[in-house]
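Colleague: Here it is, the structure in full.
Nothing in this text is a laboratory measurement; each read-out follows from the coordinates by a stated rule. Bear in mind the structure is a predicted one, so any value in this text is a computation, not a measurement. Note that we place each Cβ from the backbone using ideal geometry, even for glycine, and neighbour counts take in every protein chain shown.
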Amino acid sequence: MNRLLSIGVLGLALVLSGCAQRGPAPVTGQAFALFGDVPYSRAEVNHLDGMIDAMNREPLAFVVHVGDITSGGGPCTDDWLVARREQFARLRAPFVLLPGDNEWTDCHRTGFDPMERLRAWRSLFCRDPGALKIERQPGEYCEHVRWTHEGVLFVALNIQGSNNNLGRTPEMDREHAARMRAVDAWIESSAQELRSGKARALVLLMQADPFFERGDQEDPKDGLAILRRELTSLAASLGNRLAVVHGDTHAFRNDRPRPGLQRVEVPGSPFLRWLRSALPVKDSAGQDFLAVEIVN
């Protein structure tokens, strides 16, 4: 059973199909797919094949996986990553994959070096997704990419669960600090695209749940605290033109955790679903919406 929800990007509103007083606005833009936190097991590998078949039956503009293509306990091996690359190669639409914490930061649990695993991930997945015209951040962080779809700028970021790789070892703390400097620069340069009129809205994609419910207080042990404050400030400055799409905690959500900021969390293991999305559409009140439909 599909559930259709309309969620605001340029002025949030929520319409739950079948429960709202009026139905959702018609979708006129080309759809794209969002998913993540799958596969976590051999059984889920088989289920993922079915999800890919379903996506391939639709004329999607692109597909984004927000990370975690193995479980928190692995496998972290090259063989598993290569098999996932081959599996994702079956997708007909241009495909963008973000790194997840299970692929690198958490691989120390099974005896791997997280930084070596991130290098392995980059060697396998930092590839141009065919027809989708992407821009990569210069330098080390090839996973930081962005592209424009129907006037909206989509921005992929390496922001991780497991406290964003902070607080485990001094080496990983240094990694966290350097990576977040690159993240901040990529977000800021993307926001400038909006301010200069080159894009009309901004969608940030990441693996980590930012845990907006924790508030914006300073906590040097919280690897996502600075990010939350920055997103709150950015949302205020952009005037209802910011959305965040993430995975990590596996429960589908669409809400407004900060004024002017729309958050979408993709479902994840063991709830294996993907989201069909499209933008923009207009409702009778003249508002812009991002339409999101859960696909079984």
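Colleague: Choose one answer from Thr148, Thr110, Thr249: the residue with the largest mean-square fluctuation in a GNM of the chain with alpha-carbon springs under 10 Å.
Modeller: Thr110
Colleague: Place the peptides 164-175, 263-274, 130-141 in order of packing, highest mean first, counting for every residue the other Cβ atoms within 10 Å and averaging per peptide.
Modeller: Working: 164-175: 16.8, 263-274: 20.3, 130-141: 14.3.
Highest-to-lowest ranking by the protection proxy: 263-274, 164-175, 130-141.
Colleague: On a full-extension model of 0.36 nm per residue, what is the gain between Asp173 and Phe88, subtracting their alpha-carbon distance, rounded to one decimal in nm?
Modeller: Numbers: separation 85, 0.36 × 85 = 30.60 nm, distance 3.18 nm.
Result for the pair: 27.4 nm of gain on full extension.
Colleague: Where does the chain land at 222 nm, in deg cm²/dmol rounded to the nearest 500, when only DSSP H runs of n ≥ 4 count, each adding -39500 (n - 2.57), divided by all residues? Don't jump to the answer; show the numbers that get you there.
Modeller: Working: 6 runs with 82 residues, N = 296.
Rounded to the nearest 500, the figure is -9000 deg cm²/dmol.
Colleague: Treat every Asp and Glu Cβ in the range 3-295 as -1 and every Lys and Arg Cβ as +1, leave all other atoms uncharged, and give the resulting dipole magnitude about the Cα centre to the nearest 20 debye. Please list the in-between numbers first.
Modeller: Numbers: 35 positive and 38 negative charges, 166 e Å.
The dipole of the range 3-295 has a size of about 800 debye.
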